[in-house]
Amino acid sequence: MSAHDKIIEPRWERRKDARPGELATAALELFVERGFSATRLDDVAKRAGVSKGTLYLYFDSKEDLFKAVVREGIVSRIAEAEERIHVYVGTTAELMRELVHDWWNQIGSTKLAGISKLMMSEAGNFPDLAKFYHAEVMVRGTGLFAAVIQRGMDLGEFRPVSLEFAPRIACAPVVMLMLWRNSFDLCSTHQIDPIAYLDAHTDMLLHSLSVSSAMLSPPTKTTQRAAAVASTGKQSNTEPRRVRPK
C-alpha cells in the first residue's frame, strides 16, 4: 500500500493503524467544505467516528492534521512523479503530457484540489501553513515542470527557455483549472471539460517549447540568457551591448 492510499481507507475498518487515515479523510472533507479556519477538531473526530481524545493520540493540533492531509494526499504523489521523471525513457513531449494528466487524475479531479483554493483564500491568515504549503507543494510541484523542461532542453527537444519563468507558466493553467472547478464551476451552467482543457494546454505548451518555435519570434533578453546557460552550463549576467545611435 502506498502512502497516499491511507487517505482513502474505508471508514468502517476499525484497525488502530487505520485511524490516522480515517482522520485524514474526514479532515480533508471538512477542510474543503468549510475552510481551515472554520474546521473544528471536534467535527473531524465526529465525522471519522472516533473521540476527540483519540484524534489527539495521532495529531497534536489542527495544523499538524492539515500537514498530514497535504503530505499523504499531495506530497506523496509529487515524490512519485519526481521518481518517474528520473527514470523515464520516452520523449519529453510524452512525459509532459503524462505529467499534466496524471496530476489532474490523482489530485485535480479529487477533493485534494480543494486544498489549493483553501490556501489561496486563507494563506494570509495562516502564514506558517502558507510557508509549509509553498515549500512542500508549490516549489516541488513547479520543480516537476522544471525537470521536464530541463530534460527537453538537454536532449535538444525543447528550445532554451528561462527555468525561472517557464515552469510557472507551464503549471499555472493546471492550478487555475483546479481553482475554477472548486469555485465558478459550482454555479456555472456550462462546465469546463477538464480533459479537453488540459489537451489544449499541453498542445500550446509543447508547441511553444519546440525548437522550431524559436524561429517564429525574435529572441528576448531572457531567451538569450537561457540559451547562454544551456550552452555553457553557467548563468550569464551579461546583457547584449547597446550601441548608442550617433
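The values are calculated or read from the model by the stated rules, or taken from the named source; none is laboratory data. For clarity, every value in this text was computed on a predicted model and none was experimentally measured. No Cβ is skipped: glycine too gets one built from the backbone with ideal geometry, and neighbour counts run over all protein chains shown. All accessible areas refer to the heavy atoms of the entire protein, side chains included, with ligands and DNA or RNA removed. Shrake-Rupley method; radii C 1.70, N 1.55, O 1.52, S 1.80 Å.
Note down the nm distance, to one decimal, between modelled labels 7 Å out along Cα→Cβ at Met138 and at Asp42.
3.4 nm
Taking all protein chains as present, what is the carbon and sulfur share of the accessible area of region 44-203, in % to the nearest whole number, probe 1.4 Å?
58 percent
Show log10 I(q)/I(0) for region 40-165 at q = 0.17, 0.21, 0.23 Å⁻¹, two decimals, from a solvent-free Debye sum over equal Cα scatterers.
-0.95, -1.24, -1.36
Taking region 138-174, which chymotrypsin sites (Phe, Trp or Tyr not before Pro) meet the DSSP loop condition and have no more than 16 other C-beta atoms within 10 Å?
Here the chymotrypsin sites (Phe, Trp or Tyr not before Pro) that fit, given the DSSP loop and packing criteria, are Phe165.
Under a point-charge model restricted to the Cβ atoms of Lys and Arg (+1) and Asp and Glu (-1), what is the dipole moment magnitude of region 105-216 relative to its Cα centre, in debye to the nearest 20?
Roughly 140 debye, rounded to the nearest 20.
With every protein chain left in place, what is the accessible area of Lys111 in Å² (1.4 Å probe, nearest 10)?
Taking all protein chains as shown, Lys111 has close to 110 Å².
Do the alpha carbons of any pairs in Lys52/Lys131; Lys46/Lys131; Lys67/Lys111; Lys67/Lys131 sit beyond 21 Å of each other, and which pairs?
Lys52/Lys131; Lys46/Lys131
Expected output is a single nm value to one decimal: the length gained when fully extending between Asp193 and Glu82, i.e. 0.36 nm times separation in residues minus the C-alpha distance. What is it?
Net length gain for the segment: 37.2 nm.
Could you work out the local net charge near Thr202, counting Lys and Arg as +1, Asp and Glu as -1, over the other residues with Cβ closer than 13 Å to its Cβ?
In short, -4.
Ignoring everything but the protein chains, give the 1.4 Å probe accessible area of Met119 in square angstrom, nearest 10.
The accessible area of Met119 comes to roughly 20 Å².
For region 144-188 and region 21-50, what is the separation of their Cα centres, given in Å?
With region 144-188 and region 21-50 each reduced to a Cα centre, they are spaced 31 Å.
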